[in-house]
Every structure is written in structure tokens, then in C-alpha cells.
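A quick write-up on the structure given underneath.
The values are calculated or read from the model by the stated rules, or taken from the named source; none is laboratory data. In this text, all values refer to a predicted model and were calculated from it rather than measured experimentally. Here Cβ is always computed from backbone atoms with ideal geometry, including for glycine, and neighbour counts include all displayed protein chains. The area values use the complete protein model at the heavy-atom level, side chains included, leaving out ligands, DNA and RNA. Shrake-Rupley method; radii C 1.70, N 1.55, O 1.52, S 1.80 Å.
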Amino acid sequence: MDLDRLIQDRIRDVPDYPKPGVVFKDITPLLADHVAFAGVVDTIVNHHGRGTVDKIVGIEARGFIVAAPVAYHFGAGFVPVRKKGKLPARTYEETYDLEYGTETIEVHVDAFTPGDRVLIVDDVLATGGTARAAADLVRRGGGNVVGLSVLMELSFLHGRDKLGNLDVHSLVTV
Ligand code: PRP
Ligand code: MG
């Protein structure tokens, strides 16, 4: 099986989760397959090229799983963007809309050196609210956002439309 097919094959549809009528895209079978997981990490790094990125931003929680090995493989630093209240030092915060209510994410104010080339990595791009808030945090911190890489893009939610001219790279589009 080629890598693209393997990756798609290892994403499991779970009907009626987290609520009736929703089909959840579960990446845990992919993470448990070392060939598929390594293939995801390698594909993201190869897409951009080693030496083009100074820092990888991972978004809590599922984004951390993909972003940390990507940072290691790039030879780049890792910066966590976390849900409000989890980072200990001074932070910038951004609030965005969810289907019901809002979410707030934060980054340390000193996470970036001015001009750092920053790639944001998450598992899924859905409505784009999370990625947009993360990009805004990086820019406030003085970083230069060079792109967003996601394992999976739910294109019917049009998340890209929220991200302006950001370079969006997704391995699987549904
Ligand atoms: C999920 C997913 C992305 C985000 C995408 O995270 O991991 O981060 O939603 O949605 P959006 O494009 O509509 O903003 P979630 O907030 O559910 O939390 P988790 O990663 O901690 O599970
Ligand atoms: Mg998430």
C-alpha cells in the first residue's frame, strides 16, 4: 500500500461521536502504526524542507502529538500553544468561537525571537478558528508564520477561508 493510502486507511470513522449525527475522524489507529505515523512526520518535513523553519508551534492537545516529532526531525525548536491557564509565565491570549461558546489559547510572550520562521502544526483543520488564533499569537510574539501543516483538513468547513494567504498544507482532505 502506498503511503497516502496507508494514512487514509488508518483514519477511522466513528459514527455518532461526540454527539449523534457527527462522524468523528479518529487518528489513533494511524498513530499506533509506526510506518503511517513516521510517514506523516516525514511528509510534513519534506514538504517544507529542513533548514527553512526555526520553530514549530504545536496546539494543545492533539497537535502536540504530531508537532513534537516534526520539530525533532526539522532540527527546530518546539513551542506549545496551550489552552488558557496552563502556561506558567506571562502570555498573549486569543479567544475564538466554537460551535457552542468560545475557547482561549495562549503562548508565552518570550516564546519567539523576532523574525523566527514558524510552522504551525495541528492534527485537524476544521472551521479554522484554532489555526487562525494560533497564527495571531505567533505574530504578536514577533514570529513570522511560514505555514500551517495539518494531518487532515475537513474542507466542507472552509477553514482555509479564515486564514488569508497562509500556506496551508494538509496530508488528507475530506
Ligand atoms: C480540535 C483539533 C484542532 C481543532 C480544529 O481540537 O485538534 O485543534 O479542533 O478545529 P477548528 O479548525 O474548528 O478550530 P480541540 O479544540 O477539540 O481540542 P484537543 O486538540 O485538545 O482535542
Ligand atoms: Mg486540537
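At a glance:
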item	result
Rg(Cα) / (2.2 N^0.38 Å) computed for segment 1-108, rounded to two decimals	1.25
Kirkwood Rh, angstrom, segment 82-127 [1 / mean 1/r, Cα pairs]	12.5
Accessible area of GLU93 in the full protein assembly, 1.4 Å probe (Å², nearest 10)	80
Modelled FRET efficiency - R0 25 Å, ASP167 with ALA68, Cβ distances, 0.05 increments	0.75
Dipole magnitude of segment 66-174 about its Cα centre (Cβ charges: Lys, Arg +1; Asp, Glu -1), debye to nearest 20	260
Residue among PRO18, HIS73, VAL41 farthest towards the positive dipole end of segment 16-152, charges placed on Cβ	HIS73
Volume of the Cα convex hull of segment 9-70, divided per residue and given in Å³	98
Segment 49-173 pair-distance distribution - Cα-Cα, 10 Å bins, rounded %	14, 49, 33, 4, 0
Residue-count net charge about ARG160 - beta-carbon cut-off 14 Å; Lys, Arg +1, Asp, Glu -1	-2
Mean Cβ neighbour count within 10 Å, used as a protection proxy, ranking 118-129, 12-23 highest first	118-129, 12-23
Share of carbon and sulfur in the accessible heavy-atom surface of the chain [1.4 Å probe, %]	51
At most 12 other Cβ within 10 Å, DSSP loop - trypsin sites (Lys or Arg not before Pro), segment 88-174	ARG90
